[in-house]
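Structure first, then comments.
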Amino acid sequence: MPGKIIEPVLIDSFESLVFNFDEYVDRFKRDAVVVFRGSPISRSEQLQVTRMFGDVIGWYPNSSSWIEKVWWYEENHSQTMDKYNKHHIPKDEIFLPWHIEHIGHKNPAVGATWNMEKFTCDHGVGNTLFVNICDVYDLFSEEEKEFLKRCTVAAFYGWATDEYGKQQEPTLHEAVELHNPSGRFALRLNALFKYDRETFYLYHFDGREPSEAENSLFDDISLRFTKHIHHNEEILQTHMWQENDLVVVDLFLMAHAVMGGFRPSERFFHGMWAHRHPGSKYGLTDA
Ligand SMILES: [Fe+2]
């Protein structure tokens, strides 16, 4: 079941997107994702949109950083299909597993724009699924929320241990962080929803070594967090792609996954990452 289908914003030109921008910003702050549909957006216009959102949301790139390197990528998912032998995942199964972008990295992406330049497969395949981690946070009891607010997480980026420069030390972050654009609390636990100390663990509770009981409550909550993301249709949102859709997504909040049913030759988007600080996810400015 797809949960709630994300309703696109219909635009007839790039200029109309710019003209009504304030309205779309409000929507983005509320929903953490906006889909623009109806007019192809060039890559330079995409960069302009990414910067305009950066100005109001507080990410890079933005208008203060004209000379900054832009962290872009092209994605048809062929690498994942080749590497993990996932060429034949059907449309009703998850192809790219649930994840929160770049947890464990020094400078994780907090947003992205995805410009679907080619989409020739059937409507309803290759859907992108989203769960807002503020919605997950809200499902816990007041007592559990108070507990979580005192937790510091140690995280490794761990898509695979062969990722750039194998990580020796975890990155530390608070389990619960206030998300300024929405004023909501985000629960940032496990990036990949695996249960091993290789990926993430409770580093500190109240700034000290956690007790056994605290570790075990943290593990229990982490498991429930993951179950909500994987199975709770009440908070699930689905984007059904069409060619030329431009998605602007808050990646600090949106856990996401991609459904199968397509070939790399049928589905291709141009992405731009947005970071809280200038530089790449590694905290580097030139890699
Ligand atoms: Fe992703």
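Quick rundown of the values:
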read-out	value
Any hit, region 209-227, residues being within 16 Å of the ligand (Cβ to nearest atom) and surrounded by 22 or more Cβ atoms within 10 Å (Cβ to Cβ)	no
Boolean, Thr113 is within 19 Å of the chain's Cα centre (by Cα) and modelled with pLDDT under 90	no
Complete set of residues in region 1-40 that are assigned to a loop (DSSP other than H, G, I, E, B) and within 18 Å of His239 (Cα to Cα)	Met1, Pro2, Gly3, Ile6, Glu7, Pro8, Ile11, Ala32, Gly38, Ser39, Pro40
Subset tally (residues that are loosely packed, with under 13 Cβ neighbours inside 10 Å and hydrophobic (A, V, I, L, M, F, W, C)) for region 30-84	2
In region 237-261, the residues that are out of contact with any helix residue (DSSP H, G or I) (no Cβ under 8 Å at 6 or more places or on another chain), within 16 Å of the ligand (Cβ to nearest atom) and among the aliphatic types (A, V, I, L, M)	Val247, Val249, Leu251, Ala257, Val258, Met259
Some residue of region 199-215 being closer than 30 Å to Gln168 by Cβ, in a strand (DSSP E or B) and under 20 Å from the mean Cα position of the chain (by Cα)	yes
Entirely in region 73-148, the helices (runs of 4 or more DSSP H) that have 2 or more residues that are within 16 Å of the ligand (Cβ to nearest atom)	78-84
Complete set of residues in region 197-222 that are modelled with pLDDT under 90 and either within 30 Å of Lys91 (Cβ to Cβ) or touching a helix residue (DSSP H, G or I) at 6+ places or on another chain (Cβ under 9 Å) (or both)	Thr199, Phe200
Matching strands (runs of 3 or more DSSP E) fully within region 224-287 where at least 3 residues are out of contact with any His (no Cβ under 9 Å at 6 or more places or on another chain) and touching a residue at least 40 places away in the same chain (Cβ under 8 Å)	236-239, 267-275
Unmet criterion (only one of (1) closer than 19 Å to Phe252 by Cβ; (2) outside any loop (DSSP other than H, G, I, E, B); (3) modelled with pLDDT under 95) for Ser65	(2)
When residues of region 262-282 are limited to those that are within 16 Å of the ligand (Cβ to nearest atom) and of a type outside the set (Phe, Trp, Tyr), the one nearest to Phe119 (Cα to Cα)	Arg267
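The values are calculated or read from the model by the stated rules, or taken from the named source; none is laboratory data. Given the structure is predicted, the values throughout are model-derived calculations rather than measurements. All Cβ positions, glycine included, derive from the backbone under ideal geometry; neighbour counts span all protein chains shown.
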